[in-house]
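Following: one structure in structure tokens, then a few remarks.
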Amino acid sequence: MQFRDLQKQYQSLKPQMDEAIARVLSSGSFIQGSPVKELESQLSDYVGVSHCVTCANGTDALRLALMAWNVGPGDAVFVPDFTFFASAEVVAAQGATPVFVDVDPATFNIDPLDLERKVQQTIMEGSLKAKAIIAVDLFGLPAYYMPIREIADIYGLLVLEDAAQGFGGAIGDARACSFGDIAATSFFPAKPLGCYGDGGAVFTRNPEWADLIRSYCVHGKGQEKYDNVRIGTNSRLDTLQAAILQVKMNAFPSELQAVNAVATRYTEQLSSVVECPKVPESFLSSWAQYTIRLQSQSQRDALQAALRESGIPSMVYYPRPMHLQAAFAHMQLSDDCCPNSAQLSHQVLSLPMHPYLTTEEVDLVAAKVKAFLAK
Ligand SMILES: *Cc1c(COP(=O)(O)O)cnc(C)c1O
């Protein structure tokens with residue numbers, strides 16, 4: 001059994017995929033070929049946001065948003081403490097300061113109460129300018145955007161949606177990548193919508209930001225190719241990856257249904273024995289991960305070992321919260337800053353999750369987890 005089986009997906013899409021790849025190879029147009037623009041309009045239609053700019057990876061997508069907002073030294077950006085490193089890394093890479101915010105243990109997403117507390121603290125201390133919030137759609141579940149937006153409005157903050165894991169999620173009729181003033185996603189192979197290498201995209205309704213980002217991702221280009229009006233970077237999505245993503249997008253709606261069926265089946269079997277991930281009313285997850293919560297680190301580690309013995313892979317996302325990362329050691333933070341996040345890092349375990357898991361495989365994993373916990 002695979003944790004995320006990309007091979008099975010390829011086997012099911014093989015004829016269309018091989019043809020799409022062959023078409024790019026014979027076109028000879030490897031950078032900014034027509035599939036890139038076609039994909040951008042397909043993605044912006046799906047998400048329901050007017051502008052989509054593809055780029056080289058999800059980290060760049062986040063960074064390009066911060067560049068468009070001119071986030072830099074002296075700015076505070078509020079980031080959940082429990083996330084993948086890139087969410088906070090981009091803030092520091094811009095010379096700004098990440099302020100870590102605790103998460104809600106039931107959804108793993110940023111806790112609006114602690115967010116407002118940290119914003120007020122930062123404003124009171126007065127050494128940094130409170131500038132933006134990065135809300136992460138962790139494990140595929142959109143963050144709780146209604147209160148986040150209220151806080152942003154009260155304190156004059158921008159909202160950047162880190163939907164690297166969130167593509168396909170929704171709140172009511174609104175899809176992930178439409179909640180932030182700018183949203184960023186990743187097409188890393190194991191994400192809900194993944195390509196066969198690195199890729200990313202930025203979404204916004206603001207045409208000026210979209211134009212700025214289009215410029216930043218091609219060396220700060222102006223009107224013409226060798227006209228450079230600002231310092232940018234080289235961050236484009238390859239034509240080949242765009243063509244691959246076009247094929248994957250066609251399969252995406254049915255894959256989204258399939259992962260939700262897997263999640264429902266896991267939860268039916270496991271919710272009486274262990275903490276299962278909670279999806280609030282009217283929210284839809286794209287299930288980048290299905291993550292259960294054990295009682296202690298020793299129980300979690302023992303379960304992982306027992307699963308491994310039965311040939312079942314599992315992963316710990318994430319074993320180390322942001323405030324304990326060596327790269328942020330100079331901030332001298334302790335678990336007191338984000339106690340829920342600290343505790344989750346000892347308790348979480350992500351089970352195999354992908355659209356091509358069979359009912360038998362899901363039942364086998366659930367049975368092993370139950371057998372372990374009954375001991
Ligand atoms: C994967 C991920 C990123 C970075 O995406 P890459 O394409 O790997 O650069 C950023 N934030 C989160 C939450 C992620 O999971």
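Each reported figure results from applying straightforward, stated rules to the coordinates on display, with no laboratory input. Values in this document were obtained by computation on a predicted structure and should not be read as measured data. Ideal geometry is used to build each Cβ from the backbone, glycine not excepted, and the neighbour counts take in all protein chains shown.
Please go through the range 134-163 and pick out each residue that is surrounded by fewer than 23 Cβ atoms within 10 Å (Cβ to Cβ), among the aliphatic types (A, V, I, L, M) and touching a strand residue (DSSP E or B) at 6+ places or on another chain (Cβ under 7 Å).
Hits for the range 134-163 are A152, L157, L158, V159.
Between a residue in the range 43-70 that is closer than 21 Å to F252 by Cα and in a helix (DSSP H, G or I) and any residue that is of a type in the set (G, A, S) and away from the ligand (no atom under 16 Å from the Cβ), which pairs come within a Cβ distance under 6 Å, given they are 6 or more apart or on different chains?
V47/S178
Could you tell me which residue of the range 1-33 is nearest to Y356 (Cα to Cα), considering only residues that are among the hydroxyl-bearing types (S, T, Y) and without any contact (Cβ under 8 Å) to a residue 60 or more places away in the chain?
So, considering only residues that are among the hydroxyl-bearing types (S, T, Y) and without any contact (Cβ under 8 Å) to a residue 60 or more places away in the chain, the one nearest to Y356 (Cα to Cα) is Y10.
In the range 239-267, what residues are hydroxyl-bearing (S, T, Y), closer than 17 Å to E360 by Cβ and touching a strand residue (DSSP E or B) at 6+ places or on another chain (Cβ under 9 Å)?
Start the filter on the range 239-267 by keeping residues that are hydroxyl-bearing (S, T, Y), which leaves 239, 254, 264, 266-267.
Among the residues that remain, those that are also closer than 17 Å to E360 by Cβ are: 264, 266.
Scanning the range 239-267 gives a single hit, Y266.
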